[in-house]
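This report concerns only the one structure given below.
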Amino acid sequence: MATREELLKTAQEALQQGRFEEGLAHANSVLADQHEDGDALYLAAVACRYLGRLDEAAGHLRQLHAAMPEYGRAWQEEGHLALAWGQSENALAAFARATRFNPALEASWREQARIASGAGRAAEAAAASAQQQRLATLPRELIAVTNHLAEGRVLRAEEICRYFLRSNPRNVEGMRLLAKIGLELGILDDAEFLLESAVTFEPDNIQLRLDYVDVLRRRQKFERAREEAEALHASDPDNPLFQSRLAIESMQTGDFDRAFELFEAVLAKLPQDPATLTSMGHALKTKGCSEDAISRYRAAIAAKGDHGDAYYALANLKTYRFSDDELNAMSDQVARPDLAFMDRVHLSFALGKAHEDRGDYQESFAAYARGNDLKRAQTRYSADAMTAELAKQREQCTAELFEKHDSAGHDAPDPIFILGLPRAGSTLLEQILASHSQVDGTLELPDILALAHRLRGRKAGQSLYPAMLHDLSGEQLAKFGEEFITNTRVHRQGAPFFIDKMPNNFRHIGLIHLILPNAKIIDARRDPMDCCFSGFKQLFAEGQEFTYGLTEVGRYYSDYVELMDHWDTVLPGRVLRVQHEDVLDDLEGQTRRMLEYLGLPFEEACLDFHKTDRAVRTASSEQVRQPINRKGQGAWKPFEPYLDDLKSALGKA
């Protein structure tokens, strides 16, 4: 019996040779067993269009968009189908969406140029034609890399790109693409090096320079990112794109006055630009100016009624309550079939919050579920792969490993790692401790995750980490620890201790212990149902893909508890566990307990944490500016009829 891969290959060959009935039959054979197979749905849609069965083609594409909402080729096929129906405007929109998700689709650029030209839209046609011509000049290897990257085959894209660069080491587009792959894989230092080199080769390449600013920000090298943005701005001070970029980088360095000045300069030219209004709202929120932030978010919505980002920003304040008119407006937008993907995601999560605040839990859950379904299809997260990854930590990070490397690593006592799951109360613990005179609050720092990625390497397609921890020397471990201290110094304000609040660091406690044996580690834990459902309701800026499904988040929590039990066994007493509910019950007692673990004297300011004036960039920013409260406790209970999958996934956890 033919395998899925064999059936798909035969179907593709049949379509290429014009045997559309045969190709459709093979695609349907795959779909009989796997109804949402994206490759089979795509081939079936193409075959049906060529056979003139347009309604069937449309049905396959609807399923495909649901399963793979950002699959560029599916939107390209949507454009061809619209042309078959004689709907040129719909075709133009579909082709534009196709190239947004996959900029290597030459046919989509060509059709955009043709349709726009026929409609008398010369500028739009010229821009599309320029993109088509640019693709025509690119080496075929780099077009393949762009296709693989757009369609989620990151490792294959990396393989081809590295092979190409071995023969073309100064090709800046190849370097740019490999840097983009590095960002996808979390290998930020490699991405920075590639872009820095590429900018040296082509200093006038604006796209390279913008990408370089982005990677510097992602590496949290905010001063360097600002310097690069300043240089761009100086080259063309009236350019709104450069003004906006410098505003964002100024905000990251804490220069909010400059950021607001630049945002206002952009708005003077583009007074109703929704992206700028929303970015300004984010800056105001970070600074603690909630009412002004709300005003900007509302202005963005007034300028563009389907601007989901602004609606979700209001919801993400946690304290904002939508009016009936706003709820109706959001519902109308979500009902539109042509709504952009991320606008639909943002609006779904915002509607979930709006209905929840009204006590309409059935509608609220349905909206949250829609948003999560869309994000889960986009991220293609695998709970099985994560379970296997965390199991490797338990298998390799043994008591024998830590005995072998006893007294290794860098001896700095400065770092305090607060880790666990997002939405577990870690921002509250950070705010309490950062209110102490000897502790700096920083950010969710990427350095430990980046080091783990760097150590992965690859052998026969398999990650070498964490097994390779056994092979590291004491000198290497000390060097990694010293690099962590050096690289994170930019985030500190001079206190002897500082907090790294990256929650996912719990996966790498073994690595942390080996490179920084004197660091402190606090596990922020929360009731599993409260924690998981709060994560399910949250749309994260990036990462945390495990939250976009009840089964997925429940399994992740269960895996987390199992791994933390392992760390307690092999590193007894190393981690202080702080239960969120205990902090709510006894703020002073738990604060004193944490300070005693850290070796710090008690300070009253820790109990008045909500009065501490500091930028907070997480989803809990507004909540930690209020006195201790129980608003989030038991928030899952009204949704209990819909949470059987979560309970099942949590199991004994």
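The values are calculated or read from the model by the stated rules, or taken from the named source; none is laboratory data. Since we're looking at a predicted model, the values are computed, not measured. Cβ atoms come from the backbone with ideal geometry, glycine included; neighbour counts cover every protein chain shown. Ligands, DNA and RNA are stripped out before the accessible areas are found, and what is left, the full protein with its side chains, is counted by its heavy atoms. Shrake-Rupley method; radii C 1.70, N 1.55, O 1.52, S 1.80 Å.
Odds and ends about this structure:
- Restricting ASP211, ASP190 to those that are acidic (Asp, Glu), at pLDDT below 95 and assigned to a helix (DSSP H, G or I) reduces the list to ASP190.
- Long-range neighbours under 8 Å by Cβ, at least six apart or interchain, first residue at positive phi within the range 172-193, second aliphatic (A, V, I, L, M): GLY186/LEU449; GLY186/ALA450
- Subset of the range 404-439 that is among the hydroxyl-bearing types (Ser, Thr, Tyr) and surrounded by fewer than 23 Cβ atoms within 10 Å (Cβ to Cβ) - its residue that is farthest from LYS501 (Cα to Cα): SER407
- Pairing each residue of the range 117-128 that is farther than 14 Å from ALA96 by Cβ with any residue that is part of a helix (DSSP H, G or I) and open to solvent by 70 Å² or more (accessible area, probe 1.4 Å), provided the two are 6+ apart or on different chains, yields no C-beta distance under 8 Å.
- Filtering the range 191-204 for residues that are surrounded by fewer than 22 Cβ atoms within 10 Å (Cβ to Cβ), of a type in the set (D, E, K, R) and within 23 Å of the chain's Cα centre (by Cα) leaves a non-empty set.
- Residues of the range 28-60 satisfying the condition of being open to solvent by less than 50 Å² (accessible area, probe 1.4 Å) and more than 17 Å from GLN12 (Cα to Cα): LEU54, ALA58, GLY59
- Among the residues of the range 45-69, those identified as more than 16 Å from ALA84 (Cα to Cα) and part of a helix (DSSP H, G or I) are ARG62, GLN63, LEU64, HIS65, ALA66, ALA67.
- Scanning the range 62-74 for residues that are crowded, with 24+ Cβ neighbours inside 10 Å and at pLDDT 95 or above yields a total of 1.
- Scanning the range 161-190 for residues that are within 17 Å of PRO139 (Cα to Cα) and open to solvent by 70 Å² or more (accessible area, probe 1.4 Å) gives ARG162, TYR163, ARG166, SER167, PRO169, ARG170.
- Residues that are of a type in the set (D, E, K, R) number at least 1 in the following helices (runs of 4 or more DSSP H) confined to the range 490-581: 528-537, 550-570.
- Checking each residue in the range 135-147 for being of a type outside the set (Val, Ile, Thr) and surrounded by 21 or more Cβ atoms within 10 Å (Cβ to Cβ) picks out only LEU142.
- Test set (1) closer than 28 Å to THR427 by Cβ; (2) open to solvent by less than 20 Å² (accessible area, probe 1.4 Å); (3) aromatic (Phe, Trp, Tyr) - PHE222 fails condition number: (2)
- Matching residues in the range 262-273 - criterion: being assigned to a helix (DSSP H, G or I), over 15 Å from ASP292 (Cα atoms) and not small (Gly, Ala, Ser): LEU262, VAL266, LEU267, LYS269
- Per-region count, the range 222-245, residues touching a helix residue (DSSP H, G or I) at 6+ places or on another chain (Cβ under 7 Å) and either under 16 Å from LYS269 (Cα atoms) or not in a helix (DSSP H, G or I) (or both): 7
- Identity of the residue in the range 254-272, within 26 Å of the chain's Cα centre (by Cα) and open to solvent by 40 Å² or more (accessible area, probe 1.4 Å), that ends up modelled with the highest pLDDT: ASP255
- A single entry from ARG110, ARG114, ARG121 fulfils the requirement of being among the charged types (D, E, K, R) and modelled with pLDDT under 95: ARG121.
- TYR42 closer than 29 Å to VAL345 by Cα, modelled with pLDDT under 95 and of a type in the set (Phe, Trp, Tyr): no
- With respect to (1) part of a loop (DSSP other than H, G, I, E, B); (2) of a type in the set (Gly, Ala, Ser); (3) in contact with a Phe, Trp or Tyr (Cβ under 7 Å, 6 or more places away or on another chain), the lone exception for GLY359 is condition (3).
- Residue that is modelled with the lowest pLDDT [pool: residues in the range 448-494 that are open to solvent by 20 Å² or more (accessible area, probe 1.4 Å) and within 30 Å of PHE602 (Cβ to Cβ)]: VAL490
- The range 324-339, subset touching a helix residue (DSSP H, G or I) at 6+ places or on another chain (Cβ under 9 Å) and open to solvent by 30 Å² or more (accessible area, probe 1.4 Å), residue nearest to SER295 (Cα to Cα): GLU326
- So VAL213, is it within 23 Å of GLU444 (Cβ to Cβ), open to solvent by less than 40 Å² (accessible area, probe 1.4 Å) and of a type in the set (Val, Ile, Thr): yes
- Of residues in the range 379-403 being surrounded by fewer than 20 Cβ atoms within 10 Å (Cβ to Cβ) and not in a helix (DSSP H, G or I), the one modelled with the lowest pLDDT: ARG380
- The listed residue being within 26 Å of the chain's Cα centre (by Cα), within 29 Å of GLU403 (Cβ to Cβ), acidic (Asp, Glu) and at pLDDT 95 or above, out of ASP530, ASP523: ASP523
- Among residues of the range 348-375 that are under 19 Å from PHE540 (Cβ atoms), those with a beta-carbon under 7 Å from a residue that is open to solvent by 20 Å² or more (accessible area, probe 1.4 Å) and among the polar types (S, T, N, Q) at least six positions away or on a different chain give the pairs LEU351/SER331.
- Residue satisfying all of: in the range 314-345; small (Gly, Ala, Ser) and in a loop (DSSP other than H, G, I, E, B); nearest to the chain's Cα centre (by Cα) among these: ALA340
- Considering GLU77, GLU106, GLU124, the condition of being under 28 Å from ALA27 (Cα atoms), open to solvent by 50 Å² or more (accessible area, probe 1.4 Å) and not polar (S, T, N, Q) is satisfied by GLU106 alone.
Rundown of residues vs (1) over 25 Å from ALA2 (Cα atoms); (2) in contact with a Gly (Cβ under 7 Å, 6 or more places away or on another chain), yes/no style:
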residue: LEU15; (1), (2): no, yes
residue: ASN28; (1), (2): no, no
residue: GLN34; (1), (2): no, no
residue: ASP37; (1), (2): no, no
residue: ARG49; (1), (2): yes, no
residue: LEU92; (1), (2): yes, no
residue: ALA119; (1), (2): yes, no
